[in-house]
Each structure stands twice: as structure tokens, then as C-alpha cells.
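Contents: one structure, followed by commentary.
The values are calculated or read from the model by the stated rules, or taken from the named source; none is laboratory data. Bear in mind that the values here come from a model prediction, so they are computed numbers and not experimental data. Note: ideal-geometry Cβ built from the backbone for every residue, glycine included; neighbour counts use all protein chains shown. Only protein heavy atoms, including side chains, enter the accessible area calculation; ligands, DNA and RNA are left aside. Shrake-Rupley method; radii C 1.70, N 1.55, O 1.52, S 1.80 Å.
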Number of protein chains: 2
Amino acid sequence: MAGDITGRCALTLEYDGTAYAGFQHQENADTIQAQVEQALSELFGCQMKIRAASRTDAGVHARGQVVAFNLARSFEAAKIAPAVNWHLPRDIRVVNARPVPAGFDPRTGATGKIYRYFISNRLHPPAVGRRYVWHVPQPVDIEAINRAAKVLRGTHDFAAFQSAASTVTDTVRTIRHLWALRRGETVVLTCAGDGFLHNMVRILVGTLVEAGLGQRSAADIEAILLSKDRTAAGVTAPARGLFLERVLYRPSLDSYPVL
Amino acid sequence: MAGDITGRCALTLEYDGTAYAGFQHQENADTIQAQVEQALSELFGCQMKIRAASRTDAGVHARGQVVAFNLARSFEAAKIAPAVNWHLPRDIRVVNARPVPAGFDPRTGATGKIYRYFISNRLHPPAVGRRYVWHVPQPVDIEAINRAAKVLRGTHDFAAFQSAASTVTDTVRTIRHLWALRRGETVVLTCAGDGFLHNMVRILVGTLVEAGLGQRSAADIEAILLSKDRTAAGVTAPARGLFLERVLYRPSLDSYPVL
């Protein structure tokens with residue numbers, strides 16, 4: 001039928017991670033992956049598996065997670081997103097669907113990721129939107145954060161900025177953008193890079209907030225990088241302030257038409 | 001003791017109204033008023049009553065609700081807000097506390113209120129922050145909304161814009177500001193006026209969205225005002241997109257020092 005597609009399909013997902021034990025499938029815990037695979041399986045009437053760009057942690061949110069799967073049968077293109085949404089819980093939404101080449105792997109194909117982190121920087125904790133921010137009651141100095149961020153931009157060994165439990169040994173990554181700005185009572189940190197170690201963005205944020213509170217200088221940040229020691233860096237910022245905003249591909253996913 | 005205050009106290013409250021049957025006390029339903037009075041009663045060890053600027057509906061949020069009460073005993077000024085917060089659920093927060101004159105009534109003393117309404121204007125429903133927006137999937141025309149809003153600004157009989165169940169007969173009100181703007185996929189409507197009828201802001205928003213979808217012209221809006229008939233106006237926009245942003249006083253509450 002005209003307008004039907006077959007083959008491989010990429011979905012851009014938005015989700016509120018509050019209720020989930022992270023993206024990746026786990027026994028005995030509800031995950032984003034389990035929900036999306038169940039929705040697709042219900043829709044197509046057979047067991048469906050997805051690949052994702054990023055395994056976001058428990059409580060982390062996404063506005064631009066990318067997953068891909070092979071269509072079990074031809075499907076009317078414009079109806080894929082609403083049909084999958086019909087089977088998903090309301091805190092997970094497909095925001096677009098696109099046909100992608102047969103070999104498309106959202107993880108290995110990604111050339112970069114953009115994260116945002118939101119901090120409520122006022123005396124009293126927020127009542128509205130509190131599942132989307134880290135509350136830091138002491139005033140943070142944005143200039144001090146950005147001086148520290150400048151040290152972290154570029155290609156470095158980020159061994160000190162990965163979860164102590166991680167066994168990854170190739171810990172060199174490139175941060176292309178790391179910047180904080182203030183929007184009223186909210187501090188927004190944006191971080192873009194070619195790839196991230198486990199908990200890296202949250203440890204970067206925790207360390208930068210300590211810089212913003214005058215507890216770390218730009219020179220201290222340099223020393224942390226050189227130490228390659230997780231205990232030298234700052235706290236791991238809470239998951240709830242973190243959003244996976246966008247996954248980058250070359251050619252951009254935008255070069256494929258939205259279904 | 002130095003720093004202690006006695007007398008009347010105003011609190012500015014922020015709340016997420018999702019879990020509550022509105023502000024005002026009800027038998028057999030959880031309300032913001034019940035929670036705040038219970039928190040104050042626990043704190044002072046006696047039955048406490050509050051007066052509020054606005055009886056927000058079930059599901060409506062606030063960033064600047066104002067309540068007032070008489071301190072049951074002298075209290076260390078800087079500790080009032082954190083002490084009340086300690087007794088409140090996390091979706092209700094005191095954002096500041098101020099001493100006010102003995103006769104201060106947050107409702108009758110108010111000279112105006114500012115509301116904001118948030119619309120998620122994109123095809124697919126939002127997963128993040130969905131308790132704070134109305135999802136309108138068809139693209140709305142901001143210019144058309146603002147042409148209709150211009151007709152509504154000023155002093156008019158807003159009988160057509162109050163809940164059909166309301167028995168209020170003096171339905172003349174003044175809207176000082178009514179304006180829509182787009183922030184990416186979000187449409188933000190700001191409405192300020194000297195006072196509002198029951199459901200008035202939500203009916204204004206519902207009607208303006210119909211104007212933004214090309215279903216109502218500026219001339220139609222004029223006819224609705226003249227009809228004084230609730231059925232002539234548009235739908236009542238859902239509670240979840242509405243925020244009581246600020247209550248205005250003369251002199252401004254800001255003229256009293258934050259405790």
C-alpha cells in the first residue's frame with residue numbers, strides 16, 4: 001500500500017524516568033526498554049527487540065533517546081508513532097519515527113550526545129517540577145562553574161569522572177561543549193561530547209557545583225583530571241536533574257524524513 | 001529574644017496541585033488548606049487556621065499563593081519557612097514568610113492576580129512535565145490568539161466566562177494583561193487582572209485556543225462577551241496547565257522584609 005514502509009525504523013523517545021529502574025532491561029524491575037519492547041510486541045503481535053543509543057540510569061529523563069528496531073511487517077508510515085504511543089504508558093512517548101538504513105545501530109552509529117542538567121538554586125526546595133531538578137540551596141557562582149568547565153572541555157582522560165564500579169579502561173573522551181547559564185532560580189548545565197563514561201555527566205555536574213560553591217578552583221579541576229581517581233572528584237549529582245536531550249548521527253537523523 | 005516575631009504572618013506558597021482536591025478545605029478530600037493548617041498546627045501545638053488569596057481548583061498549581069495566619073507564639077523569624085516546610089508534604093513549599101499588619105487579609109487585600117497557563121503545542125503528547133501542561137496537538141496561531149486576547153483586555157462583563165454553576169452576579173472584571181507567546185513547543189499565556197470569576201482563566205484559555213485554531217475570530221469573541229452566556233464561550237481548559245503566579249498588594253508584599 002502507498003505510504004507503507006518495511007525494514008528498519010528509528011524512534012525518538014521522550015520519557016520521564018522517575019518511575020523506572022533505568023533504560024536497560026532488568027529482571028524484576030520496570031524499565032523503559034521493557035515498556036517499549038512490550039508496546040511494540042503488542043502492536044505487531046510478536047516478540048520485538050530494540051537497540052538504544054544510551055542506557056540511561058534509574059530516574060534519568062530523556063527528550064531525545066533514539067531506539068531502532070526492524071518492522072515485523074509493513075506498516076502505514078504516519079501511524080507508527082501514534083500506534084506505539086497507544087500501547088505505551090503516558091510517561092514514555094514516541095515523538096517521531098523515521099525509516100533508517102538496514103544496518104543502523106543507534107549506539108555504535110552515534111557520533112555524540114547532548115545532555116542537560118537542571119538545578120533549582122534557591123533557598124527553599126521546589127514543589128513544582130521537583131522530579132526534574134537537583135535542589136542546591138546555597139547560591140552558586142555561574143562564572144566559577146564556567147571557569148572550571150573550561151578546564152574540562154576538550155579531550156582528556158576522564159577516569160576520575162566515572163563510577164567507581166565501572167570496569168571501562170579506555171577512559172579518554174572528548175567534551176565539545178560544557179556550559180552553565182542561569183534562568184531565574186534555575187541553573188542549566190549543557191554538556192555535549194562524543195561519548196560518556198558511566199555516571200560521567202552526573203559526576204561532572206557534582207564537581208562543577210562544588211566549583212560554583214567555591215569549594216574547588218579551576219586548578220583543583222586540573223588536579224582531579226590528572227589524579228584519574230574517582231574519590232578526587234565531586235559528588236555524583238542526583239539522577240532526577242539529568243536529561244538526555246539529543247543523540248547525534250552523521251548523517252543527522254534529521255536527514256531521514258519523519259514518518 | 002532578638003529576631004523573634006509575634007503577630008500576623010504571610011507565607012508565599014508554591015505547590016503542585018496534582019494530588020489535591022483544590023485549595024479550600026473539604027470533608028473527605030485532601031486539600032492544600034488542610035495540609036498547611038495541619039503543618040502549622042503540628043508546628044505550634046494548637047489548632048491553626050489560615051486565610052488565602054485564592055481558592056485554586058483541583059489540579060491547579062501555584063508559584064505565588066499567599067496565605068496569612070496569626071502566630072500562636074513568638075517565633076524565630078528566619079526559621080518560620082523551614083519549620084513549616086519540615087511539616088509539609090514535598091509538593092507544597094513555603095518560599096517565603098513575612099510579618100504583615102494585624103488586619104492583613106490576603107483575599108480582600110489583594111489588588112490583582114497574575115496567572116500563567118502552559119500549553120504543549122506539538123503532535124505527540126509530552127512525557128516530561130505532563131502534569132503541568134494542556135496538550136493541544138494542532139498548531140495554534142499565536143497572532144490569532146493575541147488578536148482575540150486584545151478584545152478581552154480591559155473592563156468587561158465576563159458573565160460568559162464563568163462556570164455555569166456560579167451564582168456570582170457582579171461579573172464585571174478588568175483584565176490588565178492577556179498575552180500569548182511561543183517558547184519552542186510550549187505556548188505560554190499570561191493573564192493579569194484585578195479579580196477573576198470561577199473558572200474564568202480556564203474558559204478564557206479554552207476560548208483563546210479555539211481562536212488560535214481558527215475556530216473563533218476576534219468578532220466572535222466580542223459576540224461572546226455580549227452574549228453573557230457560558231455556552232457561547234469555548235471549552236474550560238484543563239486545570240493542570242494553570243499556575244497562580246503572583247498575588248498583588250498595595251503596598252506590595254515585597255515592601256515587608258522576607259523573614
Single condition A:GLY103 does not satisfy, out of (1) modelled with pLDDT under 95; (2) touching a helix residue (DSSP H, G or I) at 6+ places or on another chain (Cβ under 9 Å); (3) small (Gly, Ala, Ser): (2)
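Across the stretch A:26-47, which residue is nearest to A:GLY195 (Cα to Cα) among those that are open to solvent by less than 10 Å² (accessible area, probe 1.4 Å) and away from chain B (no Cβ under 14 Å)? I'd like the intermediate steps shown before the answer.
First, pick out the residues of the stretch A:26-47 that are open to solvent by less than 10 Å² (accessible area, probe 1.4 Å): A:31-32, A:36, A:39-40.
Subset that is away from chain B (no Cβ under 14 Å): A:31, A:40.
Details: A:THR31: 22, A:LEU40: 28 Å.
Per the criteria, the residue is A:THR31.
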Test: residue in the stretch A:165-182 that is open to solvent by 30 Å² or more (accessible area, probe 1.4 Å), within 30 Å of B:VAL84 (Cβ to Cβ) and more than 14 Å from every other protein chain (Cβ to nearest Cβ): yes
Single residue of the stretch A:193-213 satisfying the filter (of a type in the set (A, V, I, L, M) and more than 23 Å from A:ALA58 (Cβ to Cβ)) that is surrounded by the most Cβ atoms within 10 Å (Cβ to Cβ): A:ALA211
Number of the exception - B:GLN65 against (1) under 18 Å from A:PRO125 (Cβ atoms); (2) open to solvent by 30 Å² or more (accessible area, probe 1.4 Å); (3) modelled with pLDDT of 95 or more: (2)
Condition broken by A:ALA83, with the remaining ones in (1) away from chain B (no Cβ under 14 Å); (2) touching a residue at least 24 places away in the same chain (Cβ under 8 Å) satisfied: (1)
So B:VAL187, is it away from chain A (no Cβ under 14 Å) and open to solvent by less than 10 Å² (accessible area, probe 1.4 Å): yes
Restricting the stretch A:129-154 to residues that are buried (at least 19 other Cβ atoms within 10 Å of the Cβ) and in a loop (DSSP other than H, G, I, E, B), the residue that is farthest from the other protein chains (Cβ to nearest Cβ): A:VAL140
